[in-house]
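This report refers to the structure that appears directly beneath it.
The values are calculated or read from the model by the stated rules, or taken from the named source; none is laboratory data. Keep in mind the model is a prediction, meaning the values are calculated, not measured. Every residue, glycine as well, gets a Cβ built from its backbone with ideal geometry; the counts of neighbours run over all protein chains shown.
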Amino acid sequence: MASRFQPRRKAGDRFSPARFTTRPVQAPQPVRPPPPPAAVVDAVLRYHDVALDQGGQRSLLRLSDDRLSDAEVVRALGGHTDRARRVAILWNERESEIIRVLEAA
């Protein structure tokens, strides 16, 4: 019995390893919480009672727990009192503008 010659497979063949390529894996995107509502930012700017000097004419503005229980502040915040407890605003004193709104996790 004689053996049959089988030619080498080409790159386009059905079972060729060159046919199966790996796909690039994408890393999952981090889940970012939505920014705080405008009512919370406005209430922190209007009613803040804690201002920590950060240097360079910058201050960190926050609401204390005593101020959060004030009736006027509760009315301004609506139902966002818990979220306002975690929000701080980095404020530029010289330009009178917000640099960044920070929220604790």
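Restricted to the range 72-105, and to residues that are of a type in the set (Asp, Glu) and part of a helix (DSSP H, G or I), which residue is surrounded by the fewest Cβ atoms within 10 Å (Cβ to Cβ)? Residue satisfying both the conditions and the ranking: Asp82.
Every residue, every condition in (1) surrounded by fewer than 13 Cβ atoms within 10 Å (Cβ to Cβ); (2) at pLDDT 90 or above; (3) over 25 Å from the mean Cα position of the chain (by Cα), yes or no:
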residue: Arg19; (1), (2), (3): yes, no, yes
residue: Pro24; (1), (2), (3): yes, no, yes
residue: Pro36; (1), (2), (3): no, yes, no
residue: Ala39; (1), (2), (3): no, yes, no
residue: Ala43; (1), (2), (3): no, yes, no
residue: Val50; (1), (2), (3): no, yes, no
residue: Gly55; (1), (2), (3): yes, yes, yes
residue: Arg62; (1), (2), (3): no, yes, no
